[in-house]
Every structure is written in structure tokens, then in C-alpha cells.
Amino acid sequence: MSAYQDEIKALSSVIEANGSPWAAISAESAARMRVQNKFKTGLDIAKYTANIMRADMAAFDADKSKYTQSLGCWHGFVGQQKLISIKKHFGTTERKYLYLSGWMVAALRSEFGPLPDQSMHEKTAVASLVAELYTFLRQADARELGMLFRELDAAREAGDTAKAAEIQDKVDNYETHIVPIIADIDAGFGNAEATYLMARQMIEAGACCLQIENQVADEKQCGHQDGKVTVPHADFHNKLRALRYAFLELGIDNGLIVARTDSEGAGLTKEIAVVKEPGDAGDIYNSFLDVEEIDVADMAEGDVVFNRGGKLVRPKRLPSGLYQFRQGTGHERCVFDCIGAIDAGADLLWIETAIPTVHEIAGMMNEVRKVHPDAKLVYNNSPSFNWTLSFRQQAYDAMVAAGEDVSAYDRAKLMSADYDGTELCDRADAMIQSFQADTSREANVFHHLITLPTYHTTALSVDNLAKEYFGEAGMLGYVAGVQRKEIRQGIACVKHQNMAGSDMGDDHKEYFAGENALKAGGAKNTSNQFNNI
């Protein structure tokens, strides 16, 4: 017997046991609702998706071509449409995740209005977005299964038992839209206790994977801006442990932690680390500070000094009170951070870089993997990079190194559209196209994400629509630029009433009221104009 039929049988027993008061309840209708709502709580989702990520990590260890990907989402509808599109185009959601970007929460979800990525938005907004994303994904399941149930009813009415069996098999083997979310918890929004409380809320909403960075919480900056301030390892590791405790408390024993280091671009620290013995993590952290050797007689009022190898040194301190690191130590500090984070229990690493270059990422990860051979990276394929310019410059430099003629190109003007379609730019585009596969193979990048793609695509599509609709095209700007393309490309939300749940509501009305149901999907519903397309 199929799983669907098992549900009907089980519910029939429950209904029969409750006698005549439940006589109007249909076991099959209740079974359909149960199948359409497989995940009852956020913790159910977190357990399910954590298992997916762990299995994907094992598959990646065996085959570096099996890396995973995600796109950042700022609204449940965006995440839903992404997964619906993935299922339409690829037939499966395998190795496709969602990313929840703190940048987009700050810019688009705060009650204060648009904010920079500096942890100024409400803490609860992040967990609320996790819950919202999964609400929309669960609705996508219910909608798609509801359409299958309608097909099943039609096949039964037509007496087509073979078709009915085929549809029931699709129901029994249905692949959910629920996928892992890698959720950005910034720098923890406070001390380790605050980090734990926020993590618990995010996990309860469904997050199986939390990404935290090693910046000072109250000085946090976007990873691609200046002014980043890191914390000593002891402080960061306390927060990593806080995340693990939150997972364990809630029964997500295989929950995942992504430890992000911003040290490559962070030249400042707020603290001089505590040193308990020579060569410990605190001592190494302090060794990167930009210091000058002084004599006691040279100390000024209020100077901070410490002993380094028997010598008195004074770290260079800015008027802000922050200390600066020596120039050129970013890569070394990143490697040090990554090794320490894995030692402290992180499952995955994240290194923010200034530009996307395979050799730079691989160089740091190869050093990490000398200590932790299985260390895997999550990499931000950020819109903050000018991908076109960066890779055209990389292609130009490679041609110079190979002794090729570059006299037709001006390296300072490679972004120019005049170079589009040239040999150099075609090479650059090929490098961009293979970037994810190359870094996964060379640098053990398990997961590739774009943080803000839907922010940019929304702006681009609205700009194009506004230009056409408010210009000479008028209504044709919408029809030709949006609706006709939706129809031609089979975009599900062209039937926006169906997407919003109208047909599911009609199903429920029929379950609840039978022949008395007043349904929206009748002959006068203008959405019928989109049937059979």
C-alpha cells in the first residue's frame, strides 16, 4: 500500500473511533491536508535539512564537482519562486539551498527603514525571515500537491486507473521544496549569551546552519567595506560554542556552524588578547599587532604596553582607541582564524576576500588543510565584486605573463563595452563561468552563494518596467515585458490567484462545507484565461 493510502487508512480508523460526530469528516481529505503539511514545526525542518547538508558534505568529499549553491532571499515569496523555478528547470532541488543575508535584512526588513550592514536592525527580524521563508516553501508544497490531487480526482472520474496510479506514485514520491537555509547571524548581536538566545530563535524557526563572523558585534561592518574590527579567538570561540549549545538544547545534534573570518580586510582590533602562556592563541593574535619597541622611560601617560619575548612593546593605537595590525598579515590571520575555528567546533569556514581569485582562495585553504585536511569553505560570490572588471584584469595579466600581445587593450579601461566580444573578454567570461567549479576543486569550496542577487534583480526588473510603462510603450510595456514572458516561460505566478492559495482555499471550503461551498474558482474567475497555457 502506498504512503498516501496508509495515511487514509490511519485517519479512517481515527474518524471511525470518534463515531457519528465525526461522520462528515473525510479521511481522504484529511490525509491530503496531512500530506500537504509534512513539516509541522521549525525544528522538524531543521532536523531534516541538517541531514541534507551533512549528506551533501559527504558527497562533496568524495566528488568535488558536487558542490552546493544558493541565492540570497529577502522575502518568503522570493525563496519560494526560486525553488519552484529550480524544480521546473532541473527536476530536483538537490544541492540547491537558500541563503539568508544579514545585509538584506538590514536593508529591506527593518522597521527603521533601510539600514547599512552594521547589525543595527532588530534581532528578531532574522528569525522571522527564516520562518517566513519556510512558510512560503511549505505553501509551495501544498499548492503543488493540491494540483496533483485535482489531477487524481479527474483521473478517477474518467475511470483511468492507470493515470490515477501514476499520479498517486507522484504523490508518494513527492520531492519537497524545503531545502537548507544558511542563515547569517552577523557577529552575534551582543555577547555570547545574546548570540545563544538569537541562535535558539533562528533554529526554532527552521535554520539548520548558522553563519557567524569574527568582528566586534558593536563595531560590525559589511564584509566588503572598510573599518572592520576583529576579536581575539577566545571571544569568537565562546560564540561558536554558544551556537553549538543552542543546537544541542533543541535536539538538532547535527546542526551546522559556518565560521566566517573577515581578517583578510580587517586591519583593526578592539582588544589585546589575553596570553596565558607563550605561543597560545592569544600570543599569536597579538603577534600580528603593529607595535614599536620602547623603553620604560619613553612611556607616555595612558600608554598601553606589553611584554613580547622579553621586550617592552607599545601597540599602535588610533584616536578611536582601536589597535591596528601590521600591513600584509591578512592572509596569515585568515589561516590562523580558520584553523582555530575548526578546533573550536565549526563545521564550515567562510573567508571574505577583496576580489574573487581562485589562486588566493586556494592559497589560504591549502594552508588550513595542512592542519585540517577535510576543511571546507563557504564562499561569497558577492555582488560587491565587479566580476567583469576583475576577471578581465585577471585575463589581461595572464596574457601578459604568457607573453601574448595585449596592445589592443587598455588595462585601465577594460570595463568598457568596446571590449565586449573580444578574445580577452571571452576568456574572462569563461573564467567567471568556471569559477565555482574551479574553486571547489582547487580550494575545497563546498558551498557557493550570492548574497544579494534578488535585491539587484528586483531593482533591474523594476527599472525596466518603469522605463517602458511610464514611457511610450504604456500598457504594452507590462504586457510584452512581463506577462507575455511569464506565459511563454511557464512562470507559475502568472496565475497569481493560484499562487496565493485561492485554489487550495477552494479545496478546503469543499472539505468543510461540501456542496454548500462558495468557491472562487468558478466560470467567472478571470484567472481561467490562463488555463491550458
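Any read-out appearing in this document is the output of simple, stated calculations on the displayed coordinates, not a laboratory observation. Every value quoted in this text rests on a predicted model; they were computed, and no experiment measured them. All Cβ positions, glycine included, derive from the backbone under ideal geometry; neighbour counts span all protein chains shown.
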Task: Net charge over other residues, Cβ less than 10 angstrom from the Cβ of residue 331 (K, R count +1; D, E count -1) - done: -3
Task: Separation of the residue 464 and residue 135 label points, Cα + 7 Å toward Cβ, nm - done: 3.0
Task: Residues 236, 288, 247, 112 arranged by fewest to most Cβ contacts within 10 Å - done: 112, 288, 247, 236
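Semi-axes, largest first, in whole Å: what does sqrt of 5 times each Cα gyration tensor eigenvalue give for region 1-146?
Values: eigenvalues 253, 100, 35 Å².
Taking √(5λ) for each Cα gyration eigenvalue gives 36, 22, 13 Å.
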Task: Size of charge dipole - the chain - debye, nearest 20, with Cβ of Lys, Arg +1 and Asp, Glu -1, no other charges - done: 1120
TODO: Report, to the nearest 10°, how far helix 124-157 tilts away from the longest principal axis of the Cα atoms in the chain, using its own Cα long axis and a range of 0 to 90°.
DONE: 30
TODO: Rounded to the nearest 10 degrees, what's the angle between the helix 192-205 long axis and the longest principal axis of the chain, both from Cα atoms, 0 to 90?
DONE: 20
- [ ] Pop the C-beta distance of residue 312 and residue 371 into the FRET formula with R0 = 30 Å and round what comes out to the nearest 0.05.
- [x] 0.40
Open item on the list: Quick check: the angle from helix 330-343's long axis to the longest principal axis of the chain, C-alpha only, nearest 10 degrees?
Closed with: 60
Open item on the list: Which three extents, in angstrom, do the Cα atoms of the chain have along their principal axes, listed largest first?
Closed with: 96, 63, 46
Open item on the list: Using Cβ contacts closer than 10 Å as the measure, can you line up 208, 493 from fewest to most?
Closed with: 493, 208
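Where in the chain lies the longest segment free of GluC sites (Glu not before Pro) that are both loop residues by DSSP (not H, G, I, E, B) and have at most 10 other Cβ atoms within 10 Å? Don't skip to the end; give the middle numbers.
Values: sites that count: 111, 301, 472.
Counting only loop sites that pass the neighbour cut-off, the longest clear stretch is 112-300.
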Task: Stretchable slack from residue 354 to residue 509, in nm (0.36 nm times residue separation minus alpha-carbon distance) - done: 50.3 nm
Open item on the list: Compute, for region 60-125, the length of the dipole vector about the Cα centre, with Cβ point charges of +1 (Lys, Arg) and -1 (Asp, Glu) only. Units Debye, rounded to 20.
Closed with: 320
TODO: Could you sort out which of 123/509; 38/123; 9/82 sit more than 31 Å apart by Cα distance in this structure?
DONE: 123/509; 9/82
- [ ] With a/c under 1.5 counting as rounded, go ahead and sort region 21-94 into rounded, prolate or oblate using the C-alpha gyration tensor (a ≥ b ≥ c being the square roots of the eigenvalues; past the cut-off, prolate if a/b is larger than b/c, else oblate).
- [x] prolate
Open item on the list: Once the convex hull of the alpha carbons of region 294-344 is built, what does its volume come to per residue, in cubic angstrom?
Closed with: 130
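Could you compute the FRET efficiency for residue 303 and residue 277, with r as their C-beta to C-beta distance and R0 at 35 Å, rounded to 0.05?
Computed FRET efficiency for residue 303 and residue 277: 0.90.
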- [ ] Starting from the Cα of residue 324, step 7 Å toward the Cβ, then list every residue of region 271-300 with an amide N under 13 Å from that point.
- [x] 289-292
Open item on the list: Among 287, 265, 205, which residue has its Cα furthest toward the positive end of the charge dipole of region 184-322, with +1 on Lys/Arg Cβ and -1 on Asp/Glu Cβ?
Closed with: 205
Task: Net charge dipole size for region 155-304 [Lys, Arg +1 and Asp, Glu -1 on Cβ; Debye, nearest 20] - done: 940
Open item on the list: Just want the answer: with Cβ charges of +1 for Lys and Arg and -1 for Asp and Glu, which residue in 37, 27, 60 is farthest toward the dipole's positive end in region 27-89?
Closed with: 27
Task: Cα→Cβ-extended label distance, 7 Å offset, between residue 497 and residue 10, nm - done: 3.5
Task: Ascending count of other beta-carbon atoms within 10 Å, so fewest first, for 445, 479 - done: 479, 445
Task: Positive minus negative residues near residue 409 (Lys, Arg vs Asp, Glu; Cβ under 14 Å) - done: -4
- [ ] Starting from the Kirkwood radius over alpha-carbon pairs of region 130-218, derive D by Stokes-Einstein at 20 °C in a medium of 1.002 mPa s and give it in µm² s⁻¹.
- [x] 134
Task: Estimated FRET transfer efficiency when R0 is 30 angstrom, pair residue 530-residue 172 (beta carbons, to 0.05) - done: 0.55
- [ ] Name the residue farthest towards the positive end of the dipole of the chain from the options 321, 174, 74, assuming +1 on Cβ of Lys and Arg, -1 on Cβ of Asp and Glu, about the Cα centre.
- [x] 174
TODO: Taking every pair of alpha-carbon atoms in region 356-444, give the share separated by more than 23 Å as a whole percent.
DONE: 32
Open item on the list: Using the basic label-point model (7 angstrom from Cα toward the beta carbon), what is the residue 407 to residue 292 distance in nanometres?
Closed with: 5.1
Open item on the list: What's the whole-number percent of alpha carbon pairs in region 387-533 lying beyond 22 angstrom?
Closed with: 67
